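The values are calculated or read from the model by the stated rules, or taken from the named source; none is laboratory data. Every value quoted in this text rests on a predicted model; they were computed, and no experiment measured them. Using ideal geometry, Cβ is built from the backbone for each residue, glycine included, and neighbour counts are taken over all protein chains shown.
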Ligand code: XUL
Ligand code: CO
């Protein structure tokens with residue numbers, strides 16, 4: 001028996017591009033083989049718990065717009081509400097046919113009066129999830145701890161000036177890794193919520209960096225201690241909620257990881273909207289992670305290009321998504337990672353059906369972008385161009401400049417002796433953009 005939240009909709013079918021049924025997939029066929037693998041196994045879609053089931057539809061100027069049967073104004077018993085929420089969530093996951101979901105502790109369990117009560121509530125819901133996972137075949141892409149909403153974290157979690165807040169945050173992360181491990185989660189995410197600062201006048205930057213470095217090392221040590229097989233992921237974001245966030249972008253996170261000897265232990269979960277806030281493109285962040293060997297997973301939700309804040313919209317720009325998936329394919333594709341929609345409805349989208357339509361659209365756009373990227377990758381017109389562009393570096397004189405054979409004065413002698421006088425060569429950007437356009 002279902003909750004009836006989605007009426008009689010229990011399964012979204014694949015009907016192909018010509019179908020006019022908007023409650024069907026037009027481009028995402030999980031069984032379609034692309035580059036020798038099923039689309040479902042390439043894309044590894046995940047639905048997030050927080051925006052879909054915990055967010056009431058508020059913005060800085062207005063409160064709740066959504067009416068959901070599990071919200072506190074409809075049920076006062078927190079655990080009963082959490083279970084109804086879980087029932088509806090798993091009905092939606094199943095209807096969409098996504099293999100994965102993600103959650104923060106605070107999305108899924110009622111807030112207790114202290115740490116012990118929070119842990120007890122979380123464990124009760126994890127029991128419930130365990131049962132639902134085995135009934136539905138759903139898997140957990142990642143778990144995480146919400147270390148930013150409660151007022152105790154207003155000055156940061158790991159970077160808090162008060163060691164008791166650090167301790168509370170560390171203890172909470174322990175319970176969330178335990179929960180993720182029990183549920184067979186494939187990753188554990190650390191988004192640095194309030195790890196940043198508002199004003200230097202009250203902030204010791206060097207100390208906060210040390211605290212954060214130790215915190216992440218504690219997480220990695222615990223992962224190995226309990227034998228958690230998943231990947232630890234940091235999610236970069238440049239600002240919001242604090243003015244300056246320490247995990248600004250992929251390159252900044254990599255520097256942090258190197259500084260704290262974590263570069264072989266931690267990878268990145270890259271979000272499109274966060275890339276835009278950092279003044280980058282999504283594909284830049286993905287390419288950077290690929291180049292540094294720390295690519296992990298993605299949050300495929302876009303930002304509005306005109307607003308300077310995190311709008312978490314469902315993706316719908318296929319040409320941009322094709323470039324993003326091209327970088328993901330180049331980085332080797334997903335291993336433990338996947339395509340999570342950390343996306344929320346617009347607050348006027350009140351109908352239960354809107355939750356389905358939003359994900360159908362996002363998944364269809366991903367499928368189109370991915371297929372274009374795969375075709376681009378397989379034809380290799382772009383990669384062959386890049387290979388040829390750097391071909392000069394395989395000549396022996398060139399190699400000596402990089403392998404330590406030549407010093408600066410040796411290079412000067414070589415330039416003089418061979419009368420080196422390079423001819424500029426076209427970068428061919430328009431030609432390459434036209435090549436991309438053939439696949440869209
Ligand atoms: C915040 C954000 C988070 C993380 C998980 O901008 O993206 O929801 O994805 O904490
Ligand atoms: Co995110």
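Computed values, structure above
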quantity: Positions within segment 37-52 being in contact with a helix residue (DSSP H, G or I) (Cβ under 7 Å, 6 or more places away or on another chain) and either within 16 Å of ligand 1 (Cβ to nearest atom) or within 15 Å of residue 189 (Cβ to Cβ) (or both), in sequence order; calculated: 45, 47, 49, 50, 52
quantity: Residue tally, condition in contact (Cβ under 8 Å) with a residue 40 or more places away in the chain, within 26 Å of residue 395 (Cα to Cα) and not in a helix (DSSP H, G or I), over segment 406-440; calculated: 1
quantity: Which listed residue, of 221, 235, is closer than 22 Å to residue 186 by Cα and surrounded by fewer than 17 Cβ atoms within 10 Å (Cβ to Cβ); calculated: 221
quantity: From the options 60, 99, 72, 110, residue that is under 22 Å from residue 127 (Cβ atoms) and without any contact (Cβ under 8 Å) to a residue 40 or more places away in the chain; calculated: 110
quantity: Condition check for residue 125: farther than 30 Å from residue 248 by Cβ and either in a helix (DSSP H, G or I) or at pLDDT below 95 (or both); calculated: yes
quantity: Failed condition for residue 249, given (1) farther than 24 Å from residue 339 by Cα; (2) within 16 Å of ligand 2 (Cβ to nearest atom); calculated: (1)
quantity: Residues within segment 167-223 that are under 23 Å from the mean Cα position of the chain (by Cα) and assigned to a loop (DSSP other than H, G, I, E, B), tallied; calculated: 8
quantity: Residue within segment 73-82 that is outside any loop (DSSP other than H, G, I, E, B), assigned by TED's automatic domain parsing to the domain that holds residue 326, at pLDDT 95 or above and crowded, with 20+ Cβ neighbours inside 10 Å present; calculated: yes
quantity: In segment 90-114, the residues that are within 16 Å of ligand 1 (Cβ to nearest atom) and touching a helix residue (DSSP H, G or I) at 6+ places or on another chain (Cβ under 8 Å); calculated: 101, 102, 103, 104, 105, 106, 107, 108, 109
quantity: Exclusive hit being assigned to a helix (DSSP H, G or I) and free of Cβ contacts under 8 Å to residues at least 12 places away in the same chain, set 273, 255; calculated: 255
quantity: Hits in segment 325-351 (condition: within 16 Å of ligand 1 (Cβ to nearest atom) and closer than 18 Å to residue 276 by Cα); calculated: 339, 340, 341, 342, 343, 344
quantity: From 213, 184, 227, 196, residue being more than 16 Å from ligand 2 (Cβ to nearest atom) and either outside the structural domain of residue 125 (by TED's automatic domain parsing) or touching a strand residue (DSSP E or B) at 6+ places or on another chain (Cβ under 7 Å) (or both); calculated: 184
quantity: Residue tally, condition within 14 Å of ligand 1 (Cβ to nearest atom), farther than 18 Å from residue 365 by Cα and touching a strand residue (DSSP E or B) at 6+ places or on another chain (Cβ under 8 Å), over segment 271-296; calculated: 4
